[in-house]
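Engineer: The following block contains the structure, expressed as structure tokens.
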Amino acid sequence: MIVATHQPLFLPWPGFFFKAMRADCMVLLDSVQFPRGRSWMTRNRLKSAHGELWLSVPVHRKGRGLQTIGEVKLFRQKNWQRKHLTSIRQWYANAPYLEEYLPTIEKIYAADDARLVSLNLRFIRLLWETFRIDTQLILQSETGMVGQRTDLIIRICGHLGARRYVTFAMASKYLDSAQMMQAGIQLETVPFQPPVYPQLWGDFIPNLSTLDLVLNCGPASSRVLARS
């Protein structure tokens, strides 16, 4: 078995799904520490006539101390869901596949999830299905495995019976390949070049949220990503 891991990002970039396609199982790390500062956990970039713009999800931080990703709660009093939908409708009004995906996007925001990981997982599953990815997707909390860096990866792989672990080169430098080899796990890096595809609003911008790719390319998105 080949395993990959990643934090459950908000509207992830295409590389997230490219890596998933090269594994038998992807584990979303919801039991690790939630980043203190700005992160891709709560925001991502889309595109408008003014260039790249951000969608940001408000969460409770003050007085919560150190939280795991799975513990982080959404700020539900603000009307941010409606603002997100308004932005998507405006920025992608001319996108070929907006009308096809908009009802599902609206349902995701209408679910009014209490926790960040639930919202992010809904969007990940929408994009997962669009790319027709058959890789198993599970949460770290479902495995009961905890730890840090190399130790955590070894424990997850051991729990799942995996002998190979795939990641990007930029992330592999934080892992101890010798320690993994000693544990019987082969560390592999996957190359990734951001896919180029038709975009609205002028010059192409790489590595936006995958939602940009899907709204512009629809069912062809899986072929575009495979060419990466």
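Engineer: Any chance you could give the angle, 0 to 90 degrees and rounded to 10, that helix 80-91 forms with the longest Cα principal axis of the chain?
Structural biologist: Taking the Cα atoms of the chain, the angle to 80-91 is about 70 degrees.
Engineer: Can you give the angle from 0 to 90° between the axis of helix 116-130 and the longest principal axis of the chain, with both taken from C-alpha atoms, to the nearest 10?
Structural biologist: Its long axis makes an angle of about 80 degrees.
Engineer: Anyone know which of 38, 82, 22 comes out most mobile in the 10 Å Cα GNM of the chain?
Structural biologist: Its mean-square fluctuation being the largest, the pick is 38.
Engineer: Is segment 1-79 rounded, prolate or oblate when judged by the Cα gyration tensor, a ≥ b ≥ c being the square roots of its eigenvalues, rounded requiring a/c under 1.5 and prolate requiring a/b larger than b/c?
Structural biologist: oblate
Engineer: Restricting to DSSP H runs of at least four residues, report the calculated mean residue ellipticity at 222 nm for the chain, -39500 (n - 2.57) per run over all residues, nearest 500 deg cm²/dmol.
Structural biologist: When only DSSP H runs of four or more count, the value is -10500 deg cm²/dmol.
Engineer: Right, here's the next one. Report relative contact order for segment 45-156 in percent, whole number only (criteria: Cα-Cα under 8 Å, sequence separation at least 6).
Structural biologist: The normalised contact order for segment 45-156 reaches 21 percent.
Engineer: Could you tally up the Lys pairs in the chain with alpha carbons closer than 20 Å? Skip any pair fewer than 8 positions apart unless they're on separate chains.
Structural biologist: 8
Engineer: Under the rule that an exposed site lies in a DSSP loop and has at most 13 other Cβ atoms within 10 Å, name the longest stretch of the chain with no chymotrypsin sites (Phe, Trp or Tyr not before Pro) of that kind, not counting the sites themselves.
Structural biologist: With chymotrypsin sites (Phe, Trp or Tyr not before Pro) excluded where exposed in loops, the chain gives 76-173 as its longest stretch.
Engineer: Another one. Work through the residues other than residue 143 whose Cβ is under 11 Å from its Cβ and net out their charges, Lys, Arg +1 and Asp, Glu -1.
Structural biologist: -1
Engineer: While we're on this one: Report, in degrees rounded to the nearest 10, the 0 to 90 angle that the Cα long axis of helix 149-160 makes with the longest principal axis of the chain.
Structural biologist: Once rounded, the angle reads 80 degrees.
Engineer: Computed from these coordinates, which is semi-axes √(5λ) of the Cα gyration tensor in Å: (1) 30, 22, 15; (2) 34, 22, 13; (3) 35, 18, 15?
Structural biologist: (1)
Engineer: Let me ask something else about it. Amide H of residue 176: which non-local residues (sequence gap of 5 or more, or other chain) have their own amide H closer than 5 Å, using H built in the peptide plane?
Structural biologist: Amide H to amide H, under 5 Å and 5 or more residues apart or across chains, residue 176 pairs with 150.
Engineer: Indicate the gyration tensor shape class of segment 92-131 (rounded, prolate or oblate), computed on the Cα atoms with a ≥ b ≥ c the square roots of the eigenvalues: a/c under 1.5 is rounded; otherwise a/b larger than b/c is prolate and the rest oblate.
Structural biologist: In terms of gyration-tensor shape, oblate.
No lab work stands behind these numbers, since they all come straight from the coordinates. All values reported here derive from a predicted model rather than from experimental measurement. Here Cβ is always computed from backbone atoms with ideal geometry, including for glycine, and neighbour counts include all displayed protein chains.
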